[in-house]
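Before any comments, here is the structure.
Just so it is clear, none of the values below were taken in a lab; they were calculated from the coordinates. Keep in mind it's a predicted model, so treat the numbers as computed, not measured. Note: ideal-geometry Cβ built from the backbone for every residue, glycine included; neighbour counts use all protein chains shown.
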Amino acid sequence: MDIELLIRLSAFALVFAAMALWEIAAPRRKLTAGRKPRWPSNLGLLIVDALAVRILIPTAAVGAALLAAGRGWGLFHLAGLRLSLAALLGFLVLDLVIYGQHVVFHKVPVLWRLHRMHHADLDIDVTTGGRFHPFEILISMLIKIAVVIAFGIPVVAVLLFEVVLNATAMFNHANVSMPAALDRALRLVLVTPDMHRVHHSVLRRETDSNFGFNLPWWDRLFGTYRDQPEAGHAGMTVGLPIFRDTAELRLDRLLTQPFRDAVPDPRDADSGKSEKDVGRSQSN
């Protein structure tokens, strides 16, 4: 477990630094709220999430994989699959489950209340990739543990998936610019920043699209893929039509957002409205 923690922290630090520098060198959009009011709380939330998982579920998904391997639990063990095939299938299964989980968190009202805090960021950049409520992180980890045990996913696949998921979350939330041709090519195998940014549009029909984090195939397969935002990447409004006061960027406000009502409900934000109209609805 110490080795797992070292690998994950090293990968996080490397990718975070690379994305932060890229954002400075070649930003895709001009930030509206900026880094100063957002980064301390977004990074603080990341620390809270990490501590919550380590304290409440110390073994996490990698520990569950070790347990399943030691007991011979799971579909892959029963089928006698060789390690390489089980690892490949396990990675794909985990990625599909995370895609499905993301869709469910948008569709089920009580889960949306947890997840909407991620969407309420007034800008989208590398720190948004770690801006999740600790309750959502804990639920997600329990889902992953259940899947790992049910399928008997190998330890190497689980560790690789966790590292890649963290890295791609920072990458596809990053406010970075890249040539259009490179973006089109990468979208064949990876969720790009331009692809995922659509998901953070204030418009509900765009928010309910591009749910993938790692692989772009699930959105295309299940009909949730949207190529570009209607207003373009420079013109789109990021966030929700609620919780737009800069006071809502404080860490204490982020942690309590799921338990506070907001009018209008973000799920009905853009019914019959243009993005300009929706952007005016800023009550909380």
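Nearest 10 degrees is fine. How inclined is helix 109-119 to the longest principal axis of the chain, computing both from alpha carbons? Compared with the principal axis, the helix lies near 70 degrees. Mean residue ellipticity, 222 nm, helices only, the chain: the sum of -39500 (n - 2.57) across DSSP H runs of n ≥ 4, divided by residue count and rounded to 500, is -18000 deg cm²/dmol. Note down the Stokes-Einstein diffusion coefficient of region 18-65 in µm²/s, whole number, using a Kirkwood radius over alpha carbon pairs, 20 °C, and 1.002 mPa s. The Stokes-Einstein estimate is 160 µm²/s.
Rg(Cα) of region 1-45 divided by 2.2 N^0.38 Å? Mind showing how you got there, number by number?
Values: Rg = 13.6 Å, N = 45, 2.2 N^0.38 = 9.3 Å.
Against the compact-globule rule of thumb, the ratio is 1.45.
Of the peptides 114-124, 221-231, the ranking by mean beta-carbon count within 10 Å, highest at the top, reads 114-124, 221-231. Translational diffusion coefficient, Stokes-Einstein: compute it for region 1-157 using the Kirkwood radius over C-alpha pairs as Rh, at 20 °C and 1.002 mPa s, and state it as an integer in µm² s⁻¹. Calculated translational D: 123 µm²/s. Size of the chain from its Cα atoms: along the principal axes, largest to smallest, the extents are 57, 41, 36 Å.
Between ALA181 and ALA13, what's the calculated FRET efficiency when r is the beta-carbon distance and R0 is 35 Å? Round to 0.05. Computed FRET efficiency for ALA181 and ALA13 comes out at 0.70. The order of the peptides 177-184, 251-258 by mean Cβ neighbours within 10 Å, most packed first, is 251-258, 177-184. For the chain: lysine pairs with Cα atoms under 25 Å, gap of 8 or more or different chains, count? The number of close lysine pairs in the chain is 5.
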